[in-house]
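One structure is given below, encoded as structure tokens.
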């Protein structure tokens, strides 16, 4: 994304300075020469202008102030030659959006609604609103000057704290609408749970979203301080903004509930709120909590007030306290606009979308959908992204896609758990038989979730080709597990009305899965697990009459499948087995614990497969002992309730209850059953 940095400076402290045509400001834009600016307002004149942008005044007057203020702020930007020059440079990147970083420290300059600016002559879209014109899409963000770098990695696993407050004195808030929006948005990552069990239901939800209703500042501080293991990465605050006179100054505060009496109002300033959100993590009281995102659905939360005394807006104070992204409103915000804010912003943030793209999209939505308000101009964002943010984006998006797949697979596993004889027979006594219609509903939900996750992965594959190995591996696993769901359903007449269709689709998904595994291995030759899974599916498909490849074996009398695209030396089954066995054996001695764990998992499966590969007859004689030894080692290293144990146990079960149903792998299935019985049952419960 193209970035233009514009900094506005003046001499003296940040606070206690009024706007005046006599005050010189210095504008610095990229590497262009500095230019001196003068703001054409006396302070009281500009405060009068801002009062005209509030609702409740005459609509004609409000419309005039919007248009006239937009024109004047645009003219101020037009006096900066460097900005005009940078805006007209050709851009070689594929990204159309330009990020305009506006760096401010002077409190009085933060009062200016730069987001409202009309594009001046010389800038793209002259005469239109600068942040709405389509000629050169621009996302404007604010920032404060800092000393030194403050390293920060964007969170991979979002967890939201939703703070809501509406003391009786200040009126109602759209609490239910915001809560419903957030609950809907976290759904792709919520694992299966019995909704009739409220304790389980709440625990599943609170992995992603915690709600503080009727919140006080003390409750916020305690929530932020007591979640050191799973800190809140995103905090959404829904409360009224209240204007108050403080001796010689006027400020805007958040109206929260009183600590002693919830019916009383506690007026919270920006610094107080910042101290609560950046609480010392207990019990060690070190380090400080640090959410990546704070969104304020509150009127005037980015309004600096009269700026006579020390201090700035709430949003400015939070950003100054080290919160990288603060989204707020510099004018009153409508109920409908606040709901759209949470829907648009968090839908993208949770999937790892660049927040600058989200802010640009949100502003256009507010302008198009709410013509009777100027919520689009109220939207203000203080943003200071990590230096390596563009490099972190692919990892964030892939991680979130993977977590959504794991949640979808958790629903799928629950469905297959009901259809599995071995797991069902060994479930705890509390687990009850589910009616067919319940299983059918669970299967359909799992299928829908998996299809959505696959579409997102396929888009990521096009967007981030350098991460092809990882994405192909995720796609392969997803296709295989979806195939298992369909096959399980096709075998059960009580829960399936179109078994033939599902069975056919299951085999097609297996073929796709096998190809994705091979692509993952080619993209990164260190991914020996991908080659093992490719080998596994190749053997299963070749020994089944359900696949055309098996007909080639029958016609040629070949001992084993070296057919069609498998006739290259690097794809011969015996050679692949030897290569993957060697790579996995090397990984057993890796310094990386996870590599060692998964190497044991590879070797378990490889020794199972050796039972049906003729060229490995001598190896297969010891396959039972070797596979069981590696099973014990995997359990000892990773732990009885680890995900590695759960995942490998499920993979071994596929040979017993799935692959053996449509191909002749009896020797493998018999040994697989022995290996499966060595795995602890508690892993199943731990990852339900």
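Quick note: the coordinates plus some simple rules give every number you see, no bench work behind them. For clarity, every value in this text was computed on a predicted model and none was experimentally measured. We place every Cβ from the backbone using ideal geometry, glycine too, and count neighbours over all the protein chains shown.
Here is how the numbers come out for the structure above:
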item	result
Relative contact order (%) - the chain, alpha-carbon pairs under 8 angstrom, separation at least six	9
For the range 2-143, share of DSSP beta bridges that run antiparallel, in % to the nearest 5	40
Protection-proxy order for peptides 250-258, 124-132, each taking the mean of Cβ atoms within 10 Å per residue, highest first	250-258, 124-132
Length gained when the stretch residue 592-residue 545 is fully extended (0.36 nm per residue, less Cα-Cα span)	12.8 nm
Antiparallel DSSP beta bridges within the range 160-385, as percent of all bridges there, nearest 5	45
Burial ordering of 67, 3, fewest other beta-carbon atoms within 10 Å first	67, 3
Highest average packing first - 676-683, 48-55, Cβ atoms within 10 Å	676-683, 48-55
Residue 388-residue 10 pseudo-label distance in nm [points 7 Å out on the Cα-to-Cβ vector]	4.0
Computed [θ] at 222 nm, helices only, for the chain once each DSSP H run of length n ≥ 4 contributes -39500 (n - 2.57)	-15500 deg cm²/dmol
Cα centroid separation, the range 313-386 to the range 221-293 (Å)	19
Relative exposure of 450, 235, judged by other C-beta atoms within 10 Å (fewest first)	450, 235
Within the chain, percent of DSSP bridges classed antiparallel, to nearest 5	45
Cβ crowding within 10 Å averaged over residues, with 471-484, 662-675 ranked highest first	471-484, 662-675
Segment residue 156-residue 666, length gained on full extension (0.36 nm per residue, minus Cα span)	179.3 nm
Residue 176-residue 624 FRET efficiency (beta carbon distance; Förster radius 60 Å; 0.05 resolution)	0.50
Residue 372 paired with residue 121, simple spin-label distance in nm, labels 7 Å along Cα-to-beta-carbon	3.9
Burial ordering of 587, 361, fewest other beta-carbon atoms within 10 Å first	361, 587
Three-way shape call for the range 621-688 based on the alpha-carbon gyration tensor, with the a/c threshold at 1.5	oblate
